[in-house]
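Just below is one structure, and these are the notes that go with it.
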Amino acid sequence: MKRLPVLALLVWVCAVFYVGIFLFVGGFLLVRLEVNRTSTCADVLFPGGAEPKGDFCPTEPRFRRVVVLIIDALKSDFARYDPANEAPRPYENKLPVLNEMVSTQPSRARLYTFRADPPTTTMQRIKGFTTGSLPTFIDVGNNFASSAILEDNLVHQLGQMGKRVVFMGDDTWMSLFPKKFHRSLPFPSFNVKDLHTVDNGILQNIYPTMEGGDWDVLIAHFLGVDHCGHRFGPDHPAMAEKLTQMDEVIRAVIGRLGNDTLLVVMGDHGMTDTGDHGGESQKETDAALFLYSPSPLFPNPGSQVEPEVVPQTDLVPTLALLLGIPIPYSSVGQVLLPLFSTAESPTGLSQGEALWINVRQVNRFLETYSSMAKDIPPESLTQLRAEFSRISSEYLKSVQEGKPVSSELQVSMQEYLTSVRETCRASWARFNPLKMAVGLSVLAGACILCYVLSELSSVVVSRGVLKVPVVCGVVVGGVVAVGQLASQGYVEAAWCLGGAALSSEVSFLWRSRRNHPRGRLALARLLAPALLVLLLRCASLLSDSYVVSEGRVVTFLLCTLSLYVPLRLNWDGLLLPPPPSDSQKPPGLVPALTLPPSVVRRESATMLVCVGVLVGSLYLSLSFHNCREEQGACQPSPFLSPLSRVQDSRLRNLHYVLSLASLAAWAYLLHRWLRHYGNLNSPGVTVFAARFLLPLASICTGLHWAVSATPEDSFRNLADLIGLAQVVLPRAAFALLGLGLSLVWLDPLTVFLKERAPLQSRGPSVPPPKYRASTGISPQAELHHLIPQLYQRIRRSLEDGVPGGPEDGGPAVEAYGLGTVYSAPLVLLCGLFGLGLLLLHPEGMALAFLLLLLESGALLHLHACSTTLSSLQRAPSNGFSVPWAPVVLWSLAACQFFHTTGHLPTFPSIQWNAAFVGFPQGHTGTLLPATLVTLNTFSSHILFAVSCPLLLFWPLVCEIRGWKGSRGGEEGEDAVMEMRLRENPQQFSSALLQLMMRYLFVSGVQVFASVCAAAILRRHLMVWKVFAPKLMFEASGFVVSSVSVLVGVSLVMRVDAAVGSLFKKLVPEASR
């Protein structure tokens, strides 16, 4: 087998795909340009020095101090109070203090709905309500690794004005505002299972700090409510306890406020019904905002039936003017007018003055930004400038005449501020069309590459075709780099990679067109039904409704294509044995039957059973799907919730027993398959992993689930022991599985060999043995899956007929498990890896993983039976080509299982709890948790990509003994199974390359379709809610899948090298 050329071609094609994705994403998801300028009190309000009154800093601030209590994920519904609700849910009516203050002291308190801009992740929300700017889509990826805020912000302005800012709580603030606090008490925030550490740390320090007086601004960021939502969801008794605790905190803080102090209680975002956030549904964006002061705060008190809606960006200019500091330079927020007086006031700004300062600041930012970036439409910019000029002249006139600002002018100011914000929101989806176009071109070329390589795999493997494209790519990339240095003085790696990838593709395709006949590139095969199903799926990615319902649609396509396979065989007359041929008919009209009718009926029955198992598994898998916000009344599967969230003890026990049974079935089926094909007889380390490490890891996993499902208040005296078990058990399982994977990689052979006495030493009545692979037909355990006469077959394979062997009296060799020498380590690798991935999922997903095993087994047997029955129509061939239909089915199954495990192409659906399996106390870095979450999210892509070579091996594993249609076999010969691959190394390499290229083609075309959808619909209303997340997940899934493909192929090559070494050891020195 030509291992290096095949692996090099796969790496090259994957690299080309990566470059295309990198280029397109770089042009599609650009970060907004940050204006690194700072507001100061010296900034003038009027151009030309005609400053009639005041500046950006009020001389007499309304408040000297402010206490900001941030209750993470304080949803607006949590703050409402309904006295008529006699049976409140755990999150209802738990903050009565807010309603009491608003109803009894309407001039001192107000409650608002505080609306966030997506993405609704904590770091982006902190940026939003401290800078007043709007986030961009790609910012969501920074939630793992917060970086310091460089734009002007409230914390910086407070420090510049000499305010003593004290912070305590979520340590995210420390990375966003390093060395900006007078004093800080951060606590680790990433462990979502920890409900109390951060909150208790704040409670121990907040009251002494308030009473001490060494502060001007006190910021306390509580995390218990958010973590409770992530762990249990909002509808859980633990949420009631947390909200009640927050109610007590607010009461205690109100009792310690001075008359010159403002209290701000706010949530940074909301949460869904499952406790998640990150998207842009109203449940995620609507938080609560409560304002209170012991002194009269609102000039026009009034009762509120429903809270008003306040954008989060509006808090920035409001707090700045109330505290007497400049509004941050890049803020596009609008002051909250009810907090300012309606007329001139000696102690604070009037509403007109506050609005004017706000308008002047926003206009200054608009002018600065438009001069630095050209992404604001000129017509919008001209209109806004004209409106500001009109407002400026009217306000200056009213001030010079000593008249108060008219209500009409105030309305104009508010409309201007709203217009600027909406213009910026629409314009900050900046695209780089050239980069996007180059990325699209590279991806399209990569898809064509995969198809060409799959059709010309036999030719490509026999010739060295990679050298010229690689050299061409390196040369062109270097030329682009030199040109950039000469013209710009610096090198932009994206363009160098793009030039290298495009030139490499064009070079290969041009050489393929010149050196190979057109007939070999059968473009008509693109019209095969399987590829038409793929085309239909790709075209449908332009529909947002399809993406929303993708899980069910992919299940339908997978079911439909699987049913097509037996229907097509039946249409061709191959599903049932044909009637006896009519001797009067020409022999060419009736295909020669190479299988007995009984075998045909058995294969057909097996195929129909596999179709039934597949359809049943697909139907059951629909019970595990999650719900998108756009799906309305959809209810997520109860299996997606961890057992610790299930309050009914009987239901929890039932789920646990079902999960445990599924886990045991997973381990048993893997062990049974390996035993059936004789791969558990070897004393090697791989067999040790299958016999011992897999069961031990399964036991640790089951015990971990039992410990995790234990309610916290059930065994308080064993809390330390339970906490220790939550660390030790999953880590032990990870260690066992990691050791097993390492052993499989180091010594992948599962073959047991033993020498047998020469033929002359046997009695004359003993018949000579026949060559038989691992077919499992021997009734004796000793002879189960035996391969006698291996010696002479090895010699024919290696030396092309050197004399000597069992026929000449040489020693014979008996081998167990050689017929599945390639597939066995691959099955074991996937079994171990799958168990580790299951450990990262909720316990209820064990049944989903079992359905995955049944589904993949059904697909493999469907493919094997189809191959056997199709051979009735084809002439015997030595090729091992895998048709398009099973490859497309395999790819669709990967996508379908992605949804079956509760995942969706949305950020709120990411299962962050995976980062804390075995690490309940959190992490010191971000690499390990990010890796665990990635493995959890793309587990289906990993398993199906690694196991993709099984599509090549399975027809050989299921090979039928003694028929002419065996691949390269002779009539009457026993099944040789995977040893045929060793006899035809050239065809083995060609078939493996073709299969992998076809799988990459199917996956890459789906990425290309997602890229096209995002590019074409980049101004669509749903682009950031549907198409952009789908693009990110599809691209990330392809990267993970391609890496997994390389892992699977590398293992096959590792096995091939080990088999070659084994065969060489068996050849006597005399015959070499």
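The values are calculated or read from the model by the stated rules, or taken from the named source; none is laboratory data. In this text, all values refer to a predicted model and were calculated from it rather than measured experimentally. Heads up, the Cβs are rebuilt from the backbone with ideal geometry, glycines too, and the neighbour counts pull from every protein chain shown. Surface areas here come from the heavy atoms of the whole protein model, side chains and all, with no ligands, DNA or RNA. Shrake-Rupley method; radii C 1.70, N 1.55, O 1.52, S 1.80 Å.
What number comes out for accessible area per residue over the stretch 41-429 if the probe is 1.4 Å? Units Å², please. Please report the intermediate quantities before stating the final value.
On the way: 14290 Å² over 389 residues.
So the stretch 41-429 comes to 37 Å² accessible per residue, rounded to a whole number.
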- Item | Spatially close lysines, pair count over the stretch 41-429: Cα under 27 Å, gap of eight or more or interchain | 23
- Query: Compactness ratio of the stretch 391-457: Cα Rg over 2.2 N^0.38 Å, N = residue count?
  - Reply: 2.52
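Give me the net charge of Val332's neighbourhood, meaning all other residues with Cβ under 9 Å from the Cβ of Val332; Lys, Arg count +1, Asp, Glu -1. The partial results should precede the final answer.
On the way: positive: Arg421, Arg425; negative: none.
So the environment of Val332 carries a net charge of +2.
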- Message: Give me a comma-separated list of calculated 3J(HN,Hα) values for the stretch 727-733, in order, Karplus coefficients 6.51, -1.76, 1.60 applied at θ = phi - 60°, integers in Hz, x for any Gly or Pro.
- Response: 8, 6, 4, x, 5, 5, 4
- Magnitude of the Cβ-charge dipole of the stretch 41-429, K/R +1 and D/E -1, about the Cα centre, nearest 20 debye? 740
- Cα principal axis extents for the stretch 41-429, largest first, Å: 60, 43, 42
- Item | 10 Å binning of all Cα-Cα separations within the stretch 416-495, expressed as whole percents from 0 upward | 14, 25, 26, 19, 10, 5, 2
- Query: Can you run phi through the Karplus equation (6.51, -1.76, 1.60; θ = phi - 60°) for the stretch 242-251 and list ³J(HN,Hα) in whole Hz, with x for Gly and Pro?
  - Reply: 5, 5, 5, 4, 5, 4, 5, 5, 4, 4
- Could you order peptides 325-333, 844-852, 466-474, 197-205 by the average number of other Cβ atoms within 10 Å of their residues, highest first? 325-333, 844-852, 197-205, 466-474
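With all protein chains present, how much of the accessible area of the stretch 41-429 (probe radius 1.4 Å) comes from carbon and sulfur, to the nearest whole percent?
Details: 7400 of 14290 Å².
C and S fraction of accessible area: 52 percent.
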